[in-house]
Amino acid sequence: MHHARRITASLAAALAAGTLALAGCAGPGTAAASEDSVVLDYWLWDANQLPAYQRCADEFERRNPDLQVRISQYGWNDYWRKLTAGFVAGAGPDVFTDHLTQYPGFAQRGLLRDLNTLEATADVDYGEFQEGLPDLWVGQDGSQYGMPKDFDTVALFYDTNAVTEAGLSPEDLQDLDWNPEDGGSFEKVIAHLTVDENGVRGDEEGFDPDRVAVYGLASNGSGGMSGQTTWSWLAGATGWTFTDKDVWGTEYHFDDPRVQASLKWLFGLVEKGYMAPYEEVGTEPNPQQALGSGRAAISANGSWMLGTYANLEGVDLGIAPPPSGPVGHPVSMYNGLADSISAQSPDPEEAARWVAFLGSDDCQRIVGEAGVVFPARPAGTEAAVEAFEERGLDASVFTDLVEKKQTFFFPVTEEFGAIDALMTPMMDEIYIGDRDVSTLTEVNEQVNGLLR
């Protein structure tokens, strides 16, 4: 639930219409707990990370007796609704967890502070974070709008039991290759792991694609415009990129035959019987449940889901890299969250002290030790890898992709909400089988029209 979920329609509309104008000055400060302590409100959406950030807050308060941090956690959809309402009323948090789909709209409307202008965050050495992450949070005006907090990549989760039952070994999944024409060894494995209701495998004579008991690949839905866990790792492995620049591109590339071929291959698995049809998963796919219930054998998902998959009962979890594509190696989307300071905070300098601590080795180690996500600083990343290792999980697949530079960025552009609202129903139609991938060429013109 950590990353690219769809933006709620109301917020997308609000962002697209630019209704997030600053409503007057900041609201009255919260009643201080003691005469001279400042209370900072900090918001996040991931309940799994709440305990670790509470530990960070406790440590921060111990070092800064004049400050208090009050943490609020809201589920993903509520979170953005409440944040938008808070901005409009001038009553939101001082500091909040921010997402790449949202911050361009906030920055454009002057709702975020430039961290370079505040004392505690002015001299941060961004070279000390995992490479590339800080760049995602630099606005078109050169302002630093977020302090990197974590990163994520995508890999393949699988049930070792299902794999060995099929006569394969975990090693067979470590080195798969893929291309959009015949699917490579990746499609062969998916076919073999698919089983119909008569026990016939997807690559055997007499397989019935209309009566499938186990799908080789779990469905993540259509993936909307970013396809983060769905198709971005396939399209990216062809050498395709979302836009003309790493960050703040002005042209999308949905007209590229490589992304169209990748989508055609993926959603073509439905007809072959290797992946669930749209009717079965709808707009709220639950790939981890599909793996946990034995409905699917392999599930592509993000590193932030590692703990969830590890907790599935009866599953002996294995993790493999995405398959190597035509570029000669795997490719994963590389995304990162950050902490932003509201321009409405009555205490920006104090808020900056908290944000500086959130971005420090000390806090990121605390978060890493919780074994939920990979913090943005190498010390935090290492702590997370060790925490997962203690639970018998080899998380190196996710970090290797970053170290080997086998990644491409989540698309950061203006008008993300409007573009997502346009693209998502069309991606759903491609999955359903009602729309040909070639129609994305015309759609791409509309998308780029929104950016002009």
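The values are calculated or read from the model by the stated rules, or taken from the named source; none is laboratory data. Note that the structure is predicted; figures quoted are calculated from it, not measured. Cβ atoms come from the backbone with ideal geometry, glycine included; neighbour counts cover every protein chain shown. Accessible surface areas use protein heavy atoms only, side chains included; no ligands, DNA or RNA. Shrake-Rupley method; radii C 1.70, N 1.55, O 1.52, S 1.80 Å.
Identify the residue in segment 224-235 that is in a loop (DSSP other than H, G, I, E, B) and more than 12 Å from the chain's Cα centre (by Cα) and, among all such residues, is nearest to PRO411 (Cα to Cα).
MET225
Got at least one residue in segment 91-108 being open to solvent by 30 Å² or more (accessible area, probe 1.4 Å), closer than 17 Å to LYS149 by Cα and in a strand (DSSP E or B)?
no
Touching a residue at least 24 places away in the same chain (Cβ under 8 Å) and in contact with a Leu (Cβ under 8 Å, 6 or more places away or on another chain): which single residue out of ALA356, ALA421, ALA351 fits that description?
Criteria check complete, one pass: ALA351.
How many of the residues in segment 113-128 are open to solvent by less than 10 Å² (accessible area, probe 1.4 Å) and under 21 Å from TRP248 (Cβ atoms)?
1
When you scan segment 326-358, how many residues do you find that are more than 18 Å from GLN102 (Cα to Cα) and in contact with an Asp or Glu (Cβ under 7 Å, 6 or more places away or on another chain)?
7
For segment 241-260, enumerate the residues that are out of contact with any helix residue (DSSP H, G or I) (no Cβ under 6 Å at 6 or more places or on another chain), among the charged types (D, E, K, R) and in contact (Cβ under 8 Å) with a residue 12 or more places away in the chain.
ASP246, ASP256
Pick out the one residue from TYR309, TYR274, TYR278 that is under 20 Å from the mean Cα position of the chain (by Cα) and of a type in the set (Phe, Trp, Tyr).
TYR309
From the list THR160, THR194, THR121, exactly one residue is closer than 30 Å to GLN364 by Cα and touching a strand residue (DSSP E or B) at 6+ places or on another chain (Cβ under 7 Å). Which is it?
THR121
Would you check which residues across segment 257-313 are open to solvent by less than 10 Å² (accessible area, probe 1.4 Å), aliphatic (A, V, I, L, M) and part of a loop (DSSP other than H, G, I, E, B) and list them?
Matches in segment 257-313: ALA276 only.
Being small (Gly, Ala, Ser) and open to solvent by 30 Å² or more (accessible area, probe 1.4 Å) is the filter here, so list the residues in segment 361-397 that pass it.
Listed by number, the residues that qualify are ALA370, GLY392, SER396.
For segment 236-247, state whether one or more residues are open to solvent by less than 10 Å² (accessible area, probe 1.4 Å) and part of a loop (DSSP other than H, G, I, E, B).
yes
Tell me which of these THR441 doesn't satisfy, since it passes every other one: (1) in a helix (DSSP H, G or I); (2) out of contact with any strand residue (DSSP E or B) (no Cβ under 9 Å at 6 or more places or on another chain); (3) buried (at least 22 other Cβ atoms within 10 Å of the Cβ).
(3)
Does GLY449 satisfy the criteria of being of a type in the set (Gly, Ala, Ser), touching an Asp or Glu at 6+ places or on another chain (Cβ under 8 Å), surrounded by fewer than 22 Cβ atoms within 10 Å (Cβ to Cβ) and over 30 Å from VAL372 (Cα atoms)?
When the stated conditions are applied, GLY449 does not pass them.
Across segment 409-427, which residue is farthest from MET275 (Cα to Cα) among those that are open to solvent by 20 Å² or more (accessible area, probe 1.4 Å) and either modelled with pLDDT of 95 or more or hydrophobic (A, V, I, L, M, F, W, C) (or both)?
ALA418
Would you check which residues across segment 390-444 are under 17 Å from the mean Cα position of the chain (by Cα) and of a type in the set (Ser, Thr, Tyr) and list them?
Once the filter is applied, which keeps residues that are under 17 Å from the mean Cα position of the chain (by Cα) and of a type in the set (Ser, Thr, Tyr), segment 390-444 yields THR399, THR407, THR413, THR424.
Which condition does GLU187 not pass, out of (1) open to solvent by 10 Å² or more (accessible area, probe 1.4 Å); (2) not in a helix (DSSP H, G or I), if it passes all the others?
(2)
Within segment 25-52, count every residue that is hydrophobic (A, V, I, L, M, F, W, C), in a loop (DSSP other than H, G, I, E, B) and at pLDDT below 95.
So the answer is 5.
Any idea how many residues of segment 58-74 are touching a residue at least 40 places away in the same chain (Cβ under 8 Å), open to solvent by less than 30 Å² (accessible area, probe 1.4 Å) and part of a strand (DSSP E or B)?
Residues in segment 58-74 being touching a residue at least 40 places away in the same chain (Cβ under 8 Å), open to solvent by less than 30 Å² (accessible area, probe 1.4 Å) and part of a strand (DSSP E or B): 2 in total.
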